[in-house]
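Written below as structure tokens is the structure these notes are about.
Bear in mind these aren't lab numbers, they're just calculated from the coordinates by the rules spelled out. These figures come from a predicted structure and were not determined experimentally. Cβ placement follows ideal geometry from the backbone for every residue including glycine, while neighbour counts extend to all protein chains displayed.
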Amino acid sequence: MDMVLSAYLGDNNGQGLPWDEVPTLPNTRAFGAIVHLVSHVEGKITRIRYDILEEMEELSSVMDFFVYPQFMEVGNNIKKTIDIRSDTGWAHLMNDDADEFQRDYDRLVELMEKMFEVE
């Protein structure tokens, strides 16, 4: 945004932005992702692993977390996720620390396999 404003308006001294000093890529301030929750099982839901869902939601990088209501009732049917339209929910992750972000992302993906038990 600074580059656009400077290109149109100049800076406080009436000068343009020194283009040779502009980085080729923006500086990374944080790491983030929107993760779609994947169902690895198919059938009638016999158990919802609230302990797993709670652990997922409490990861330090998780800013927001949602499981679609149709997957939060025992007895409802669930299918394996094959595309974005068949996911079971989502998580928004963000963290200033790249290593912590990656650990939380990896753990979230690992836990997805255990969210539901089916018959």
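At 0.36 nm per residue, minus the direct Cα-Cα distance, what do Glu42 and Val109 gain on full extension? Give it in nm, one decimal, please.
Answer, rounded to one decimal: 22.4 nm.
What FRET efficiency do you get for Thr24 and Tyr68 if R0 is 41 Å and r is their Cβ-Cβ distance, rounded to the nearest 0.05?
Efficiency at R0 = 41 Å is approximately 0.50.
Quick one: which residues, 5+ away or cross-chain, put their amide H under 5 Å from the amide H of Leu37? H built at 1.01 Å from N.
So Leu37 has HN proximity to Thr88, Gly89, Trp90, Ala91.
Run the simple label-point estimate for Glu58 and Trp90 please: 7 Å along Cα→C-beta, distance reported in nm.
It is 2.6 nm.
Among 31-40, 44-53, how do they line up from the highest to the lowest mean number of other beta-carbon atoms within 10 Å?
31-40, 44-53
Go through [x] 1.25; [y] 1.01; [z] 0.99 and flag the label whose value is the computed Rg/Rh (Cα atoms, Kirkwood Rh) for this structure.
[x]
Can you tell which of Glu54, Glu73, Glu21 shows the greatest fluctuation in a Gaussian network model of the chain with Cα springs below 10 Å?
Per the Cα network of the chain with a 10 Å cutoff, Glu21 tops the list.
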